[in-house]
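Take a look at the structure below.
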Amino acid sequence: MASFIATLARIVFGPRPEILCHAAVWRAGVAELRRRGGGHRESGAFLLGTKGTTRRIEEFVFYDDIDPDALSSGIVEIDGRRLGDLWSHCRATGRTVVADVHVHPGGFQQSDSDKANPIIAEIGHIAMILPDFAAKATLPGAIGVFEYRGARQWRDRSLERPSALHVGWWPWR
Ligand SMILES: [Zn+2]
């Protein structure tokens, strides 16, 4: 109920979210990240959806489904040559990569490797990080939200209130 009232307040007073995700889609995706990480290695997913004035996350596509070796080293590494399947899936569903998410063992700050290797090197792209292998905090306000600024520079938006990411019900696109 408290979160419903917060949503109503946000609808009236703004700012509108930049990225939306239905609670059920988010919950299921996060649970799967937690399962795949098994509490001992990083896991991650491309977040697919539609882009309008607001980006909407509709689907998690897990890194290890695109590249079976993506999780083997313990930190997420995707072989770019395997991305063909992702692009054909995007074409088939009419979706695009609207953000990405991965889990970390400890806090939600970006590693040097995260900063140097954006999953999608596009200005404005949002990368999210769930701390503690997604076993504890998984909602905006307590997770990492980073916006790519180009040239390996990022804007840390994790602590913005309200968050750029809204998980839950929202009345329009
Ligand atoms: Zn990382």
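The values are calculated or read from the model by the stated rules, or taken from the named source; none is laboratory data. What you see is a predicted model, and the numbers here were worked out from it, not measured in a lab. Here the Cβ positions follow ideal geometry from the backbone for every residue, glycine too, while neighbour counts run over all protein chains shown. These area figures cover heavy atoms from the full protein model, side chains too; ligands, DNA and RNA do not enter into them. Shrake-Rupley method; radii C 1.70, N 1.55, O 1.52, S 1.80 Å.
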Subject >> Residue pairs meeting the criteria (Cβ under 9 Å; at least 6 apart or on separate chains; first farther than 17 Å from Glu32 by Cβ, in the range 123-142; second basic (Lys, Arg)) >> reply: Ile123/Arg149; Gly124/Arg149; Ile126/Arg55; Ile126/Arg157; Gly141/Arg161; Ala142/Lys136
Original post:
Before we move on, is Gly141 under 18 Å from Val25 (Cβ atoms) and over 13 Å from the mean Cα position of the chain (by Cα)?
Top reply: no
**OP:** Test Ile120 against the criterion of being surrounded by 15 or more Cβ atoms within 10 Å (Cβ to Cβ), aliphatic (A, V, I, L, M) and more than 16 Å from Leu33 (Cβ to Cβ), and give yes or no.
**Re:** yes
**OP:** Within the range 28-70, work out how many residues are open to solvent by 10 Å² or more (accessible area, probe 1.4 Å) and under 12 Å from the mean Cα position of the chain (by Cα).
**Re:** 7
Original post:
When you scan the range 115-142, how many residues do you find that are more than 15 Å from the ligand (Cβ to nearest atom) and out of contact with any Pro (no Cβ under 7 Å at 6 or more places or on another chain)?
Top reply: 11
Original post:
Does the range 6-45 hold any residues that are more than 19 Å from Ile78 (Cβ to Cβ) and touching a Gly at 6+ places or on another chain (Cβ under 7 Å), and which are they?
Top reply: Thr7, Ala23
**OP:** Check whether at least one residue in the range 74-85 is within 15 Å of the chain's Cα centre (by Cα), within 23 Å of Ser158 (Cβ to Cβ) and surrounded by fewer than 15 Cβ atoms within 10 Å (Cβ to Cβ), and report yes or no.
**Re:** no
Original post:
Within the range 153-172, is there a residue that is among the aromatic types (Phe, Trp, Tyr), in contact with a Phe, Trp or Tyr (Cβ under 6 Å, 6 or more places away or on another chain) and farther than 26 Å from Gly39 by Cβ?
Top reply: yes
Subject >> Selected residue [of a type in the set (Asp, Glu) and farther than 15 Å from Phe46 by Cα] from Asp100, Asp114, Asp132 >> reply: Asp132
Original post:
Can you name every residue in the range 157-173 that is part of a strand (DSSP E or B) and without any contact (Cβ under 8 Å) to a residue 12 or more places away in the chain?
Top reply: none
Original post:
Just to be sure, is Phe133 assigned to a helix (DSSP H, G or I) and touching a Gly at 6+ places or on another chain (Cβ under 6 Å)?
Top reply: yes
